[in-house]
Amino acid sequence: MFRDAGLLAAVRARLAEPDALGGQEPYRYAALLESWGSEASSALPEVLSALGRFPQQMTRALAAVCAPGNRAEAGDALRRAARSGQPEGRLGAARTLYELTGDAEPVLALLAERLEDGDAHGTREAASIAAGLGPRAAVLLPALSAAVGDPAADRTVPRFDAGIAVAEALWRIAGRAEESVPLLRGALSATGPDWMRWTVSRAARVAVQLGDEGRPLTEELLRLLPDPHQTPVVVRALCAVAPETLDGPEAAGLLLASAEMDADPFTALDALLGLGPAAMTAEHRRRLTELAERDPRVTASAVEGATASADERFQERAREVLRVFRGEGEGA
């Protein structure tokens with residue numbers, strides 16, 4: 001990113017009068033400052049002055065430009081924004097406060113409020129943030145447990161997604177597999193339109209984290225294994241929770257088929273590595289080599305303009321997997 005003292009001065013001048021900002025200006029200035037990071041530390045006073053008016057945009061900019069010596073001043077401003085600022089910016093301010101100073105009290109209080117509201121989207125967001133806090137969020141365990149009811153009572157996507165987030169939080173905060181497993185089972189057993197697969201996939205990804213504690217989910221995971229859209233993440237989950245249930249060569253063939261039809265191809269490569277070279281037959285290696293070297297694009301679903309780049313990244317990753325397998329010995 002090109003750095004220009006004149007541009008920084010202009011941004012500071014605009015932020016110094018936050019009431020005069022309009023349209024996309026707050027977003028653009030915040031993005032510039034965030035990209036510059038500590039090189040824009042001189043803009044801290046102006047960012048602080050704009051924080052109350054544009055908390056959602058300025059909290060990330062504040063975290064980027066704040067030098068260690070200014071954290072106390074920034075922390076005071078963020079604490080005020082978290083406790084009495086604009087409602088839509090309070091949580092962002094509290095999270096940034098925690099990142100800068102380690103003060104978790106405001107973010108924990110706000111997360112508790114969201115969990116008690118009962119809104120599925122709010123529950124999912126709060127649980128996801130709580131999971132990132134780990135054991136520091138132990139005070140939220142009762143609220144997390146109460147935030148989702150019977151997994152079979154409300155089988156809507158928002159509720160499933162909220163339950164998955166709560167399951168991950170309960171596990172990462174306190175290792176509560178006994179509560180996490182039923183929530184994940186509900187999502188893994190869900191049926192519905194094609195777009196429901198993203199929810200199922202999220203549940204499988206959380207199951208990976210549980211390791212052996214996720215063994216009760218084996219039946220649900222095995223049922224999903226033949227679905228090419230789910231195969232990659234399900235193989236990873238089964239490798240974690242019940243590796244003995246997988247036939248290595250059969251699973252490798254399913255993973256290659258998934259990659260060949262552009263169904264989560266990067267995860268398919270990671271799952272192949274997890275299976276190891278013993279699962280790769282000569283035919284599997286031929287198919288993987290073709291994926292790594294063929295001209296037709298693998299990631300055909302990528303956004304136009306990024307397709308070529310994504311395809312190149314996939315093919316380079318496939319070549320890396322081949323090199324690993326060649327280094328570890330030939331398969332059957």
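FYI, it's all coordinate maths here, none of it is from the lab. Predicted model only: the values in this text are computed from it and were never measured. Reconstructed Cβ throughout: ideal geometry from the backbone, glycine too, with neighbour counts over all protein chains shown.
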So, in nm, how far is label L222 from label E320 when the simple model puts each one 7 Å beyond its Cα toward the Cβ?
3.3
If a/c stays under 1.5 just call it rounded; otherwise compare a/b with b/c (prolate if a/b is bigger, oblate if not). Do that for the stretch 1-150, with a ≥ b ≥ c from the square roots of the Cα gyration tensor eigenvalues.
prolate
Where does the charge balance sit around D103 when Lys and Arg score +1, Asp and Glu -1, over other residues with C-beta under 13 Å from its C-beta?
+3
Which whole-number percent gives the relative contact order of the chain, counting Cα pairs below 8 Å spaced six or more residues apart?
8
Using a 7 Å offset from Cα along Cα-Cβ at D76, what residues in the stretch 90-113 end up with backbone N under 16 Å from the label point?
101
Quote the FRET efficiency, to the nearest 0.05, computed for E116 versus L273 with a Förster distance R0 of 45 Å and r equal to the Cβ-Cβ distance.
0.60
Given a Förster distance of 56 Å, report the FRET efficiency between T156 and E105 from their Cβ-Cβ distance, rounded to the nearest 0.05.
0.95
Label-point separation (nm) for S84 and E39, each offset 7 Å from Cα along Cα-to-Cβ?
3.9
Rounded if a/c under 1.5, otherwise prolate or oblate - the chain, Cα gyration tensor axes:
oblate
